[in-house]
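No value in this document is a laboratory result; all are computed from the given coordinates. Quick caveat, the model's predicted, so the values are computed rather than measured. Here Cβ is always computed from backbone atoms with ideal geometry, including for glycine, and neighbour counts include all displayed protein chains.
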Amino acid sequence: MKLSVWLWLATFIMLIFLFGMFSRSREVPPTFYEVCNEKTESSLSPSPLLCGQKIKLSLASAYDFAAIEGISHKLARQLVDYCAENPQASIDDLLAIKGVGPKILERLRRHFE
């Protein structure tokens, strides 16, 4: 076959591929509002932090703590360990942890109970 035939064939195949790629309907993921208000059939349960709900300290995970601005993963792990060792700890008791000051304590009060 001639080179021009190969070029036409390659162009035709690329056009079919591109048309198929852009013509498919894409599924849009649900918004946080829809997930929090259960308006969607999502198998994932959202974090209460995303929905504006407060979490009990004894049930919080390191991911919940780390989601708050100003809290590193290392500090989040320390918070989880402290809460595991002291299940009756209040938010004010978290000041005993190195790295938790008044500013971080105020952020924790907004999200945890």
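Tabulated data
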quantity	calculated
Size of charge dipole - the stretch 47-111 - debye, nearest 20, with Cβ of Lys, Arg +1 and Asp, Glu -1, no other charges	160
Top positive-direction residue, dipole computed over the stretch 47-111 with Cβ charges, set 84, 58, 71	71
Cα gyration tensor shape of the stretch 47-111, rounded if a/c is under 1.5, else prolate or oblate by comparing a/b with b/c	rounded
Nitroxide proxy distance, nm - points 7 Å out along Cα→Cβ at residue 17 and residue 77	4.4
Placed amide H near residue 55: partners under 5 Å, 5+ positions off or other chain	112, 113
